[in-house]
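Chemist: Here you go, one structure.
The values are calculated or read from the model by the stated rules, or taken from the named source; none is laboratory data. Here the structure is a predicted model, which is why all the values come from computation and not from measurement. Quick reminder, even Gly has a Cβ in these numbers, built from the backbone with ideal geometry, and neighbours come from all protein chains shown.
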Amino acid sequence: MQELSLHIMDIAENGIAAGATLIEITLTEDIKANWFRIQIRDNGRGISPQRLKMLPVRGHALSNVMERLKLHYKNHAQLTLNSVQDQETTVTIELPKEFR
């Protein structure tokens, strides 16, 4: 769980670097589907649609987070990125509750 906290911090720091003054973190648990959803939303400058298509690029914070999630959860982790330019960015991480 400590490693997951570091991933969330990396994403939040990205938002701050993009000019965010508000970072909102939401944790959701779906008991029936047996997964956790973590959403990190910021009110930074957002990402243009053209740049959004190119992410995550190697070396970018999101790319690094996804690589580390894959190492731990294999293909059971999902990371999605949604953004509205000049308004906000939301990163969603979905993880299995139990992974063997």
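Chemist: Restricting attention to region 1-49, report how many residues are among the charged types (D, E, K, R) and either over 14 Å from the mean Cα position of the chain (by Cα) or in a loop (DSSP other than H, G, I, E, B) (or both).
Modeler: Applying the first criterion (among the charged types (D, E, K, R)) to region 1-49 yields 3, 10, 13, 24, 29-30, 32, 37, 41-42, 45.
Remaining after also requiring either over 14 Å from the mean Cα position of the chain (by Cα) or in a loop (DSSP other than H, G, I, E, B) (or both): 29-30, 32, 45.
Qualifying residue count for the region: 4.
Chemist: Hey, another quick one. Among the residues of region 28-71, write down those that are more than 18 Å from G15 (Cα to Cα) and either touching a Phe, Trp or Tyr at 6+ places or on another chain (Cβ under 6 Å) or among the aliphatic types (A, V, I, L, M) (or both).
Modeler: E29, I31, A33, L69, L71
Chemist: Search region 34-53 for residues that are closer than 17 Å to Q78 by Cα and modelled with pLDDT of 90 or more and pair each with any residue that is assigned to a helix (DSSP H, G or I) and among the β-branched types (V, I, T) when their beta-carbon atoms are under 7 Å apart and the residues are at least 6 apart or on different chains.
Modeler: Short answer, once both residue conditions are applied: I38/I8; I40/I8; I40/I11.
Chemist: Out of all the residues in region 51-91, which are acidic (D, E) and either surrounded by 15 or more Cβ atoms within 10 Å (Cβ to Cβ) or within 17 Å of H7 (Cβ to Cβ) (or both)? Write out each step before concluding.
Modeler: Of all residues in region 51-91, those acidic (D, E) come to 67, 86, 88.
Within region 51-91, E67, E88 qualify.
Chemist: Restricting attention to region 11-38, which residues are buried (at least 17 other Cβ atoms within 10 Å of the Cβ) and not β-branched (V, I, T)?
Modeler: A12, N14, G15, A20, W35
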